[in-house]
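Read the structure below first, then the notes.
The values are calculated or read from the model by the stated rules, or taken from the named source; none is laboratory data. None of the values given here were measured: they were computed from a predicted structure. Heads up, the Cβs are rebuilt from the backbone with ideal geometry, glycines too, and the neighbour counts pull from every protein chain shown. Ligands, DNA and RNA are excluded from the accessible area calculation, which covers all protein heavy atoms including side chains. Shrake-Rupley method; radii C 1.70, N 1.55, O 1.52, S 1.80 Å.
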Amino acid sequence: MAANGSNVVSRGAVRFTEEQEALVLKSWAIMKNDSAHIGHRFFLKIFEVAPSARQLFSFLRNSDVPLEKNPKLKIHAMAVFVMTCEAAAQLRKTGRVTVRDTTIKRLGSTHFKNGVSDAHFEVSLFALLETIKEAVPASMWSPAMKGAWGEAYDHLVAAIKQGMKPAAA
Ligand code: HEM
């Protein structure tokens with residue numbers, strides 16, 4: 001579902017502008033230089049709001065490795081950022097998130113199997129936007145940047161949720 005319903009133009013295709021894509025990509029270009037730190041902050045925020053979400057990750061259960069040193073958590077954090085950037089580029093080009101069918105089915109089934117709920121995706125959106133806001137220069141952050149990231153994320157998650165439906169598995 002789109003963060004901004006007014007952008008829906010036809011049968012599921014959305015209007016995502018070049019400016020919106022540029023807002024996502026230019027902020028990511030700054031953040032990716034510090035991806036370990038950014039990924040750590042992102043997950044700290046998720047676990048602050050939803051401490052139980054930690055238990056969803058097999059590699060965090062019974063692990064003594066501090067969060068900031070856990071390579072798998074960093075990989076997951078980067079997957080969220082990078083796939084949201086890719087979603088922004090696809091939305092601008094085609095009006096849709098066009099993750100390969102097999103990838104979306106695997107992502108859907110992994111999240112379904114591990115008990116990831118709508119509430120987790122919402123907390124993760126909140127954490128994503130807060131992390132970006134704190135990571136980019138104050139003069140760069142804007143409601144439009146927030147909206148562009150939020151919209152790309154919402155469409156990506158809608159695709160993952162589609163893959164989570166038992167019929168699509
Ligand atoms: C746009 C949002 C997200 C993206 C792009 C994403 C991406 C991924 C990817 C690429 C994997 C590895 C899948 C595989 O290899 O089969 C994964 C696994 C997983 N994700 Fe996400 N994810 C997202 C949101 C979330 C959220 C919000 C949560 C929960 C707070 C979550 C929890 C998990 C868990 C528990 C696993 C399995 C980890 C394990 O091996 O134990 N994901 N995700």
### Query
Straight-line reach from Lys146: which aspartates and glutamates have Cα under 13 Å away, leaving out those fewer than 8 places along the same chain?
Glu19, Glu21, Glu130, Glu134, Asp154
### Query
Under a GNM of the chain (C-alpha, springs under 10 Å), which listed residue has the highest mean-square fluctuation: Thr84, Thr17, Thr94?
Thr94
### Task
Enter the Cα centre distance for the pair segment 79-150 and segment 41-64, rounded to the nearest angstrom.
18
### Extent along principal axes [Cα atoms of segment 17-162; Å; largest to smallest]
45, 36, 23
### Message
Contact order normalised by length for the chain, with contacts defined as Cα pairs under 8 Å and 6 or more residues apart; what percent is it?
### Response
38
### Query
Considering only DSSP states other than H, G, I, E and B, which trypsin sites (Lys or Arg not before Pro) in segment 30-96 qualify as loop sites with at most 10 other Cβ atoms within 10 Å?
Arg61
## Note on the structure
With every protein chain kept in place and a 1.4 Å probe, the chain has an accessible area per residue in Å² of 55
### Query
Size of the dipole of segment 17-162 about the Cα centre, Lys and Arg at +1 and Asp and Glu at -1 on the beta carbon, nothing else charged, in debye to 20?
480
### Query
Restricting attention to segment 98-141, which trypsin sites (Lys or Arg not before Pro) occupy a DSSP loop and are surrounded by at most 13 other Cβ atoms within 10 Å?
Arg100
### Task
Please give the length that would be gained between Val82 and Asn33 if that part of the chain were fully extended, namely 0.36 nm times their separation in residues minus their C-alpha to C-alpha distance (nm, one decimal).
16.3 nm
### Message
From the helices alone, meaning DSSP H stretches of at least four residues, give me the mean residue ellipticity at 222 nm for the chain, per-run term -39500 (n - 2.57), in deg cm²/dmol to the nearest 500.
### Response
-21000 deg cm²/dmol
### Task
Of the options Gln162, Met31, Gly95, report the single residue whose Cα projects farthest towards the positive end of the charge dipole of segment 17-162 (beta-carbon charges: Lys, Arg +1; Asp, Glu -1).
Gln162
### Summary
Between Lys26 and Phe57, Cβ-based FRET efficiency (R0 35 Å, step 0.05) works out to 0.70
### Query
Given N residues in segment 38-83, what is Rg(Cα) / (2.2 N^0.38 Å)?
1.06
### Query
Counting Lys and Arg as +1 and Asp and Glu as -1, what is the net charge of the other residues whose Cβ lies under 13 Å from the Cβ of Ser109?
+4
### Query
Say the cut-off is 22 Å between C-alpha atoms; which of Lys69/Lys165; Lys69/Lys105; Lys45/Lys74; Lys26/Lys72 go over it?
Lys69/Lys165; Lys69/Lys105; Lys26/Lys72
### With every protein chain in place, segment 17-162: carbon and sulfur % of accessible area (1.4 Å)
56
### Query
Which one of Pro143, Pro71, Pro51 has the biggest mean-square fluctuation once the chain is modelled by GNM with Cα springs under 10 Å?
Pro143
### Exposure rank, largest accessible area first [Met140, Met31; 1.4 Å]
Met140, Met31
